[in-house]
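Reviewing the structure listed below.
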Amino acid sequence: MPGGIAMTKPSDTASHSQQQKGAHRSALRVGLDALYLGAGYLAAFFLVLIFLLMMGLALGRPLGLNIPSGDDFTAWSLVAMAFLGLAHTFKRGEMIRVGLLLERLDGKRRRGAELATLAIALVAISYFAWQFIVLAHDSWRFNDISQGVVSVPLWIPQSMGASGLVVLVIALVDEIIHIARGNAPTYERAPPATPDEFVDRVASGGGV
C-alpha cells in the first residue's frame, strides 16, 4: 500500500467488533453465573453453620455448656441462608413454580406470559430489596445493637438478607433479557424421561 498504510476492510472491522461484543457478553455471563453460584455457596455455608449451632445447643445444654447468643446466631444464619440461596435456586429451576396457565401456552404467547410474570416478580422483589436495604441502613445509622449476650450490630445480619434479594433482582433482570432474545428460560427443566427420574425429582424437592 502507498506510504505503508494498511487498509482495513469494513467487513473485517465489523467482524472484529462482533468478536469484542461476544467476548464482553461471555465475560458478563461468566461473572453473573459466578455471582449466583457464590451466593449459593454462602447459603450452603450458613446451612452448615445452622446445623453446627443447633447441635452445639442441643448437646451442650445437658452438659451445662451454652453457646452465647446461640439462638440469635442461628436465626441470623437462617435469614442469610434463605435469602442468599434465592437466585441460585431460581436459576437452577429448583424454585417452586405454579405453571398451570403457562404450560397451556406455546410460542410467542408462552414467551409473553413468561416475560409478564417475570416483570411482576421483578417489581415485587425490587420493592422488598429496597425496603430491606433501608432497614439495614437505618440500623447502621442509628447503631441498633442486638439485645443478646453477644452484642452484634443488626445491620450485619440484615445486610445478608438485603444482599440475597439484590442478587435475585439481578437474576430476574438477567432472565428477562435472556427470554426476550428468544431463548428458553434457564429455570425451565426438561420433563422427566423416566418414572424413576420423576420420583427422584419429587423426592429431592426439585421441580418436575
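The values are calculated or read from the model by the stated rules, or taken from the named source; none is laboratory data. Just so it is clear, the structure is predicted and the values come from calculations on it, not from any experiment. For neighbour counting, all protein chains shown are included, and Cβ atoms are generated from backbone atoms with ideal geometry for every residue, glycine included.
When ALA116 is tested against the conditions (1) out of contact with any Phe, Trp or Tyr (no Cβ under 8 Å at 6 or more places or on another chain); (2) among the hydrophobic types (A, V, I, L, M, F, W, C); (3) under 24 Å from GLY40 (Cβ atoms), the lone failure is (3). Does ALA58 qualify as being part of a helix (DSSP H, G or I) and in contact (Cβ under 8 Å) with a residue 12 or more places away in the chain? No. Scanning the range 2-47 for residues that are outside any helix (DSSP H, G or I) and modelled with pLDDT of 60 or more yields nothing. Only a single criterion out of (1) at positive phi; (2) in a helix (DSSP H, G or I); (3) not aliphatic (A, V, I, L, M) is not satisfied by LYS108, namely (1).
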